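Below is one structure; the comments refer to it alone.
Every read-out reported here was derived from the displayed coordinates using simple, explicitly stated rules and does not represent laboratory data. Owing to the predicted nature of the structure, the values given are computational and were not obtained by experimental measurement. Cβ atoms come from the backbone with ideal geometry, glycine included; neighbour counts cover every protein chain shown.
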Amino acid sequence: MEEARLIDWNGDRTHVLLNPRMPVDDRERLERMARGSRLRSHVIVATSGSTGALKLVALSKEAVLASAAAVNERLEAKASDVWGAVLPSFHVGGLGIYARAHLAGSRVVPMSWSPRALVESDATLASLVPAQVHDLLNSGLRPSARLRAILVGGGAFRPDLDEKARATGWPVFASFGMTECASTISVRDVLLPHIEARTDEEFRLAFRGASLFTGYITEEGFEDPKVDGWFLSDDIGEVDGRILRVHGRHEDFVKVGGESVNLARLDRILESVRGGLDAVLIAAPDQRLGHVIQLVATRDAQEVVNRFNERVLPFERIRRTHLIDSIPRSSLGKLLRAELTRRMARDDN
């Protein structure tokens, strides 16, 4: 299995980075698809997005390096820096670390994730997902004097978690990015200089710039969804000059009895009341109301349901609870909400 640390950034070879824990049949199928593309000087990664359906994203090395250069400029990365690499390199969040280090002449220190491993390492820079920042705060540890910036991406970084981390000395920088843009697009709501953003009439965000992907590799062939250089994403937000505010995924906005409901907002409310319960919300199709809010949990959740329903509007209340053994998530811990909703619908039929 190829690794990001072995990429020849200046050569014509195309590298395929896949999760080594992927089922063998899926891996062999994706490798065949990648070989069939005949692309040169690319890095090819798999992404599931929010649906759970695997597809390949073809990123030119030039695009990955354009993103890396913009991040390096924002973080003032230099040769003396050391990147703590805890994210898997078959994701753009981990891949980007090696590209940034290549450009700056920095060193990369791969490590298995634990708060203590980061604190005791030589890392001056790191990329983490929000769940790992939560781990840092729960650990009670303090950042080392060497650590000067933590780029936080890969999912919604709650403002309260951001504020608590900074208040306790962790140098976190909330960021937004996506695989199709070769990782980071904005840092602390400010667009990086290599990319442009705009919205369509439904407030879906579109991006254009040097870091955009070449296209998708599918079993049917190669697909390039860009139009006039713009890629229309599934994220909802607003753009004000160089300020980018992301409100959630397109599928996170549903109608319940004619009322618009932001599932990302409800997720934040659930997070505040669920305690240690592993539980998530879905918007289940409903013949009368369009959608209704339901809870999926791994054990009895009535107390959590009661606390949640006290904090939301009547049409946002949880109407039903499903109990399952485990909740589907990506390898970075992202909820695969669309996959979960389909699974619940199948179980009901």
**Prompt:** How big, in percent, is the set of alpha carbon pairs in region 1-72 lying more than 21 Å apart?
**Reply:** 27 percent
**Prompt:** Among 283-295, 119-131, how do they line up from the highest to the lowest mean number of other beta-carbon atoms within 10 Å?
**Reply:** 119-131, 283-295
**Asked** Can you give the angle from 0 to 90° between the axis of helix 263-273 and the longest principal axis of the chain, with both taken from C-alpha atoms, to the nearest 10?
**Response** 80 degrees
**Asked** Of the residues A58, A301, A338, which exhibits the maximal mean-square fluctuation in a Gaussian network model of the chain defined by a 10 Å Cα contact cut-off?
**Response** A301
**Request:** Could you pull out every residue, at least 5 positions away or on a different chain, whose amide H is within less than 5 Å of the one on L192? Hs are placed 1.01 Å off N in the peptide plane, and Pro or chain starts have none.
**Result:** S186, V187
**Request:** In nm, give the distance between the simple-model label positions of D224 and S41, each being 7 Å from the Cα along the Cα-to-Cβ direction.
**Result:** 1.5 nm
**Message:** Residue by residue through region 252-260, what is 3J(HN,Hα) from phi via Karplus (6.51 cos²θ - 1.76 cosθ + 1.60, θ = phi - 60°)? Round to whole Hz and write x for glycine and proline.
**Reply:** 7, 10, 10, 9, 10, x, x, 9, 7
**Complete:** Scalar couplings 3J(HN,Hα) for region 228-235 by Karplus 6.51 cos²θ - 1.76 cosθ + 1.60 (θ = phi - 60°), nearest whole Hz, x for Gly and Pro, are 6, x, 9, 10, 8, 8, 9, 9
**Item:** Extension gain from D286 to R265, taking 0.36 nm per residue of separation minus the Cα-Cα distance
**Value:** 5.5 nm
**Label-point separation in nm, R245 to T298, each point 7 Å along Cα→Cβ** = 3.5 nm
**Fill in**
Long-range share for the chain, i.e. C-alpha pairs more than 32 Å apart as a percent of all pairs, stands at 33 percent
**Prompt:** In the neighborhood of E303, defined by Cβ-to-Cβ distances under 14 Å, what is the net charge if each Lys or Arg adds +1 and each Asp or Glu adds -1?
**Reply:** +2
**Request:** With unit charges on the beta carbon (Lys/Arg positive, Asp/Glu negative), name the residue among W230, L263, A283 whose Cα is farthest towards the positive pole of the charge dipole of region 211-286.
**Result:** L263
**Prompt:** Each residue of region 77-94 in turn: what ³J(HN,Hα) in whole Hz from Karplus with 6.51, -1.76, 1.60 and θ = phi - 60°, glycine and Pro shown as x?
**Reply:** 5, 9, 4, 7, 6, 10, 8, x, 9, 10, 7, x, 6, 7, 10, 4, x, x
**Binned Cα-Cα distances of region 32-156, short to long, each 5 Å bin given as a whole percent** = 2, 10, 19, 21, 18, 13, 9, 5, 2, 1
**Message:** Would you calculate the convex hull of the Cα atoms in region 257-348 and tell me its volume per residue in Å³?
**Reply:** 101 Å³
**Item:** Stretch in the chain that is longest and holds no chymotrypsin sites (Phe, Trp or Tyr not before Pro) that DSSP places in a loop and that have at most 16 other beta carbons within 10 Å
**Value:** 204-349
**Complete:** Neighbour-count ranking for L323, L87 (other C-beta within 10 angstrom, fewest to most) reads L323, L87
**Environment charge of K78, counting only residues whose C-beta is closer than 14 Å and scoring Lys/Arg +1, Asp/Glu -1** = +2
**Complete:** With the convex hull built on the alpha-carbon atoms of region 200-271, volume per residue in Å³ sits at 169 Å³
